[in-house]
2 protein chains.
Amino acid sequence: MTINTTPPELPRVTTGPLPASSKIHVAGRLHAQIRVPMREIALHPSAGEPDLRVYDASGPYTDIEAAIDTAAGLPRPREGWIAARGDTESYEGRRIRPEDNGRDAASGKLRPFPRAHAPRRATDDRAVTQLAYARAGIVTPEMEYVAIRENMGRDAALARARDGESFGAAIPDHVTPEFVRDEIARGRAIIPANINHPELEPMIIGRNFLVKINANIGNSAVTSSMEEEVEKMVWAIRWGADTVMDLSTSRDIHDIRDWILRNSPVPIGTVPLYQALEKVGGIAEDLTWEVFRDTLIEQAEQGVDYFTIHAGLRLHHVPLTIDRVTGIVSRGGSIMAKWCLHHHRESFLYEHFEEICEICRRYDVSFSLGDGLRPGSIADANDAAQFAELETLGELTQIARRHDCQVMIEGPGHVAMHKIKENMDKQLACCDEAPFYTLGPLTTDIAPGYDHITSGIGAAMIGWFGCAMLCYVTPKEHLGLPDRDDVKTGVITYKIAAHAADLAKGHPGAQLRDDALSRARFEFRWEDQFNLALDPDTARSMHDETLPKDAHKTAHFCSMCGPKFCSMRISHDIRSEAQKEGMAKMAEKFREGGALYLPKAET
Amino acid sequence: MTINTTPPELPRVTTGPLPASSKIHVAGRLHAQIRVPMREIALHPSAGEPDLRVYDASGPYTDIEAAIDTAAGLPRPREGWIAARGDTESYEGRRIRPEDNGRDAASGKLRPFPRAHAPRRATDDRAVTQLAYARAGIVTPEMEYVAIRENMGRDAALARARDGESFGAAIPDHVTPEFVRDEIARGRAIIPANINHPELEPMIIGRNFLVKINANIGNSAVTSSMEEEVEKMVWAIRWGADTVMDLSTSRDIHDIRDWILRNSPVPIGTVPLYQALEKVGGIAEDLTWEVFRDTLIEQAEQGVDYFTIHAGLRLHHVPLTIDRVTGIVSRGGSIMAKWCLHHHRESFLYEHFEEICEICRRYDVSFSLGDGLRPGSIADANDAAQFAELETLGELTQIARRHDCQVMIEGPGHVAMHKIKENMDKQLACCDEAPFYTLGPLTTDIAPGYDHITSGIGAAMIGWFGCAMLCYVTPKEHLGLPDRDDVKTGVITYKIAAHAADLAKGHPGAQLRDDALSRARFEFRWEDQFNLALDPDTARSMHDETLPKDAHKTAHFCSMCGPKFCSMRISHDIRSEAQKEGMAKMAEKFREGGALYLPKAET
């Protein structure tokens, strides 16, 4: 792992492969030009099993062949695909204004991204969304790409016996491009892929696919910079973040987003309201539809792949929060609630929702319908305010789909374990199986500093129940802005939750990695054990702490029991003894003699 | 927090109260001599609510009034209670032999605990167990102690509306001494409390009480020392470990255990097989009933409160493990399996189980029936070997109860989420509701270095389903012996899991702390928020990282959003606006006008 050396004022990002890993690319069949990246983890020859292919969200940064230049941005594989569809046009676009970079824009400290991006939009107000194509029966390159990606290099014939409880999901043994198309057409999955984000390596979010995770980054009024945020994005995807939300507020937010987008191979989501609020000096009641609309177009032209839109918060919902322990904790929700109360009317997001759809369909920006009334404490979970908003989100889902827009739904929040499933079931029912995308949920309020864990528990469970994407929570939640270490801890925790969910749902390929790692563990292939881990660096360094010598990496014991005591080693002895004696015969003999001894009281 | 200064060769342990906390003691009614410790967290006067009492396992170490001298050991509150029962006698006890301290005993480096403990035993081979007393209708001081403790200072009248799903548990609004007695008599709960552990502050393990957690400590052939282990014990209970298992192997294990027991206010568990193995030079097949029996008496006389006994592993179970991915991963299980195969007979643990009961009843050592065949990987979960052993554990439970012995049952291990509930349900059925005590379970194998998290997910779930005690897993699991930091991370993670389980079960007092913390959060009482956290030190230091100034501890914002953006602050604005306008009236007005706007497509 090296830190890429660009000139000092440019973001320095982490590059190089993960241990024992190489990037491979699988070509498409329907679309020969697509090259789907996967990570192949090399195993020790003694393993006697093929190298393991795993899903890889890390982009070109982990490709030893790729030359990374953050000032140039990533290659643009989708450029040709989009152009070939012949339904979009390049145009001059909206002119960047000083207020796009927030209140302190005049500081001029941040260098704009050097390469101007010429925006595209649909010609003749057509829908250029993956949903529109899917409904028209078209399998786009994006769809074939994600189909290949979801199979993680598994052969169709290699589906293992299914073992799981999927609560009504319908995960196929093997994902075909046609299955992807049908799930998108049905609204059960989305591919967030703005036509202005050609750097994107497409991915899919839906209950019948691998559970995905999102990492939030972004500067704030108090801390951080563009360089840090670009590296946080690269760092987050290195460890497995499938999408990244840029939640920057305050200064330079247009330029920071440019830097992030041009260097991001994963979908970027935003909450446009945050930037709109900056444009009106941070006064919620001064927000207008015009400012908001302008911000949507600004961000759509830049290439943002999904927008959080808090249009489900109705004026009459606000009083439902009055007796809550923690009121309204969603930033977007509280801003809109304040606006609604001040103006005594429904929000401009709700009133102009169809116009928002018209913008989104022109660039294929997916909706992430925001849960402005999510509970901020165990006490407020599953209350009338939360579920009233969820019902409105269901209505908006239908409207967005009529406009051929892709939709997912955001969910809570803070929810004790016994109330999690109700959230999932109600979301599926209200929102016609649109993908659910939840923050945690946190299963208790009493552990600030460990909310990656309080929420990882809830995330694993709701992922199992059917949630399609889990928004990470870092240890700093409620306390501060995450730094690079927090980002990694949050991502690894959520990869655990997502993977635990895939296993429990019975995903046909999920257990391959567990089994490979467990075999390595049983056979004392320490290097393979580290390399197959979600975080090989940490696994290795923890092992080094007590048994640092290289020789111990081949030792048939570990520091927990020492050489004399190892249960795994004894298991091997048992197995070799069994091979000598013929275990099946032994078993029979012992079963017959099983009644040899009866406890004293019974004799 | 200070480090207690005893002479250099003695253990230096962490003492002093947690932030804003003081130790209070609640007296008994039936037994006036008992003083049940609780921690009282002081809140800021502006909170307008009483200080919060929480369960406190930390012992005298956090009592500002207590003088700690590790060479003298803790006070012995139970001495009088035990003597008053008049059913035990002091006796000379077994003479300590060099091999009690393992193979390198002659090194003589470790100073034995300075104050000799004169062991007691039952007179006339009577049962002096809490189970025997409960069956005789007696409410012991131990029973009243845990009853008061479980209520955490709540008044009987203050039970809140119940909200939870307890899967058949029967948690009362308020715990009475008689309820404790009845649960023990029924075998649904145990109080691990050896008569030779008078330093103990009694606690209860059972499905109808607060979920408990255990921390494993212990040296190994490769690393650690007595000083470190005593401090690990004190450190583990400081953060909330309810019991501690000393899993020391190799050198000085008798003396280390002495130091731990004499300084431990929580029950200490062991796996006597580990020491017995040391006595025969580490050769499993050389183990004999005589050596094992001698070890049980040695440890019972020292005061060990519960023994893990792997008596459920039958000879005919061993072949069932032959096709497993990870064979036998329990140390005890693999040792006994090897012994059984070598000698071609049932284990001496199984054959002499009733004699083990006769020892345990004489000292009131509780059984923790070991799961020698627990799965060591996702692939091996819930297999024939595991469940066959569980059925045998059910048979042994009945035998032990006939001897008036208290019993809990150990459980797995590695189990994907969808297979966890089956473990709990089967255990309750096979073992007649004896308390279940599980290691995790880990919900995936792919995250060495983060197995506190992979297992914390499973632990929270099985705790919800009815597991009575959760054995922690630290980040070092599978990689090395936990150090002090790992112990803390493991304990906090498991306190989260146990508390999440209590909330989901609908424990009548569990949510009080969540609500207090959430109110503090909503009202920007940062100090209260830190002090109410499971780990106040970490919460505070994370907040300090981005907003270090003292003034920020009263700021109405945090570093995530900055002063302009805070959703909580906006919520307050909404609330005060509502108070002006009359929110209820407003709500009505808005609901009437709710149809003011119809989406364009509908008009």
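Within the range B:393-416, track down each residue that is open to solvent by 10 Å² or more (accessible area, probe 1.4 Å) and more than 26 Å from B:H478 (Cα to Cα). Across the range B:393-416, the qualifying residues are B:E395, B:Q398, B:R401, B:R402, B:H403, B:D404. Assigned by the TED database to the domain that holds B:L313 and part of a strand (DSSP E or B) - does that describe any residue in the range B:228-241? Scanning the range B:228-241, I find no residue that is assigned by the TED database to the domain that holds B:L313 and part of a strand (DSSP E or B), so the answer is no.
Taking the stated definitions as given, is B:A497 within 11 Å of chain A (Cβ to nearest Cβ), on the phi < 0 side of the Ramachandran plot and either assigned to a helix (DSSP H, G or I) or open to solvent by 10 Å² or more (accessible area, probe 1.4 Å) (or both)? When the stated conditions are applied, B:A497 passes them.
B:A468 fulfils the conditions (1) within 18 Å of the chain's Cα centre (by Cα); (2) closer than 25 Å to B:D323 by Cα; (3) open to solvent by less than 10 Å² (accessible area, probe 1.4 Å) except for a single criterion, (2).
For the range A:319-358, filtered to residues that are at the interface with chain B (Cβ under 7 Å from one of its Cβ atoms), open to solvent by less than 10 Å² (accessible area, probe 1.4 Å) and of a type in the set (A, V, I, L, M), the residue that is farthest from B:R569 (Cα to Cα) is A:L341. Scanning the range B:312-337 for residues that are out of contact with any Asp or Glu (no Cβ under 6 Å at 6 or more places or on another chain) and not in a loop (DSSP other than H, G, I, E, B) yields B:H316, B:V318, B:P319, B:L320, B:T321, B:R331, B:G332, B:G333, B:S334, B:I335, B:M336, B:A337.
Taken over the range B:253-279, the criterion of being under 11 Å from B:G218 (Cβ atoms) and part of a loop (DSSP other than H, G, I, E, B) is satisfied by B:V271 alone.
For A:A379, which of the numbered conditions (1) open to solvent by 10 Å² or more (accessible area, probe 1.4 Å); (2) touching a Leu at 6+ places or on another chain (Cβ under 8 Å); (3) of a type in the set (G, A, S) fails to hold? All conditions pass for A:A379, except number (2). State whether one or more residues within the range B:102-112 are at pLDDT 85 or above and open to solvent by less than 20 Å² (accessible area, probe 1.4 Å). No, the conditions are met nowhere in the range B:102-112. Number of residues in the range B:51-64 that are over 15 Å from B:N151 (Cβ atoms) and open to solvent by 40 Å² or more (accessible area, probe 1.4 Å): the value is 2.
Screening B:P119 against (1) in contact with a helix residue (DSSP H, G or I) (Cβ under 6 Å, 6 or more places away or on another chain); (2) under 24 Å from B:E527 (Cα atoms) leaves a single unmet condition, (2). A single member of A:V36, A:V26, A:V54 is among the hydrophobic types (A, V, I, L, M, F, W, C), modelled with pLDDT of 95 or more and touching a Ser or Thr at 6+ places or on another chain (Cβ under 9 Å), and it is A:V54. Scanning the range B:445-459 for residues that are more than 16 Å from the chain's Cα centre (by Cα) and within 7 Å of another protein chain (Cβ to nearest Cβ) yields B:D445, B:I446, B:A447, B:P448, B:G449, B:Y450, B:I453, B:T454, B:I457.
So is B:I24 closer than 20 Å to B:A147 by Cα and in a helix (DSSP H, G or I) or not? For B:I24, the condition - closer than 20 Å to B:A147 by Cα and in a helix (DSSP H, G or I) - is not met. You will find that of B:D87, B:D182, the residue that is acidic (D, E) and within 30 Å of A:H418 (Cβ to Cβ) is B:D182 and no other.
Conditions tested, residue by residue: (1) outside any helix (DSSP H, G or I); (2) more than 10 Å from chain B (Cβ to nearest Cβ); (3) over 17 Å from the mean Cα position of the chain (by Cα).
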| site | (1), (2), (3) |
| --- | --- |
| A:K476 | yes, no, yes |
| A:L479 | yes, no, yes |
| A:V487 | no, yes, no |
| A:A501 | no, no, no |
| A:A504 | no, no, yes |
| A:G509 | yes, yes, yes |
| A:D514 | no, no, yes |
| A:L517 | no, no, yes |
| A:Q529 | no, no, yes |
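The number of residues in the range B:287-305 that are more than 16 Å from B:E92 (Cα to Cα), surrounded by 17 or more Cβ atoms within 10 Å (Cβ to Cβ) and either at pLDDT below 95 or of a type in the set (D, E, K, R) (or both) comes to 2. Among the residues of the range A:143-157, just one is buried (at least 24 other Cβ atoms within 10 Å of the Cβ) and in contact with a Lys or Arg (Cβ under 7 Å, 6 or more places away or on another chain), namely A:M143.
Filtering the range A:169-185 to residues that are in a loop (DSSP other than H, G, I, E, B) and of a type in the set (V, I, T) leaves A:I171, A:V175, A:T176.
Criterion applied to A:I260, A:I205, A:I268, A:I195 was being in contact with a Pro (Cβ under 8 Å, 6 or more places away or on another chain) and either surrounded by fewer than 24 Cβ atoms within 10 Å (Cβ to Cβ) or at pLDDT 95 or above (or both), and the one residue passing it is A:I205. Among the residues of the range B:164-179, those identified as under 11 Å from B:P508 (Cα atoms) and not charged (D, E, K, R) are B:G164, B:I171, B:P172, B:H174, B:V175. Listed by first and then second residue, the pairs with beta-carbon distance under 7 Å, at least 6 apart or on different chains, first residue in the range B:162-182 and within 22 Å of B:A434 (Cβ to Cβ), second β-branched (V, I, T) and not in a helix (DSSP H, G or I), are B:P177/B:V139; B:E178/B:V139; B:V180/B:I204; B:R181/B:V139.
Is there a residue being within 27 Å of A:Q406 (Cβ to Cβ), open to solvent by 30 Å² or more (accessible area, probe 1.4 Å) and either assigned to a loop (DSSP other than H, G, I, E, B) or aromatic (F, W, Y) (or both) anywhere in the range A:119-135? Yes, the conditions are met somewhere in the range A:119-135.
Name the single residue, out of those in the range B:148-164 being of a type in the set (A, V, I, L, M, F, W, C) and in contact with a strand residue (DSSP E or B) (Cβ under 9 Å, 6 or more places away or on another chain), that is modelled with the highest pLDDT. Among those residues, the one meeting the criterion is B:I148.
Restricting attention to the range B:532-562, the residues being in a loop (DSSP other than H, G, I, E, B), at the interface with chain A (Cβ under 9 Å from one of its Cβ atoms) and modelled with pLDDT of 70 or more number 4. Is one or more of the residues making up the range B:165-182 open to solvent by less than 10 Å² (accessible area, probe 1.4 Å) and at pLDDT 95 or above? Yes - at least one qualifying residue is present in the range B:165-182. Just a yes or no: is a residue in the range A:69-85 modelled with pLDDT of 95 or more, of a type in the set (K, R) and either in contact with a helix residue (DSSP H, G or I) (Cβ under 8 Å, 6 or more places away or on another chain) or more than 30 Å from A:T249 (Cα to Cα) (or both)? Among the residues of the range A:69-85, at least one is modelled with pLDDT of 95 or more, of a type in the set (K, R) and either in contact with a helix residue (DSSP H, G or I) (Cβ under 8 Å, 6 or more places away or on another chain) or more than 30 Å from A:T249 (Cα to Cα) (or both), which makes the answer yes.
Residues checked against (1) open to solvent by less than 20 Å² (accessible area, probe 1.4 Å); (2) on the phi < 0 side of the Ramachandran plot:
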site: B:G16; (1), (2): yes, no
site: B:P19; (1), (2): no, yes
site: B:A27; (1), (2): no, yes
site: B:A42; (1), (2): no, yes
site: B:D87; (1), (2): yes, yes
site: B:P98; (1), (2): no, yes
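The values are calculated or read from the model by the stated rules, or taken from the named source; none is laboratory data. Every value quoted in this text rests on a predicted model; they were computed, and no experiment measured them. When we count neighbours, we look across all protein chains shown, and the Cβ atoms used for this are built from the backbone with ideal geometry, even at glycine. Only protein heavy atoms, including side chains, enter the accessible area calculation; ligands, DNA and RNA are left aside. Shrake-Rupley method; radii C 1.70, N 1.55, O 1.52, S 1.80 Å.
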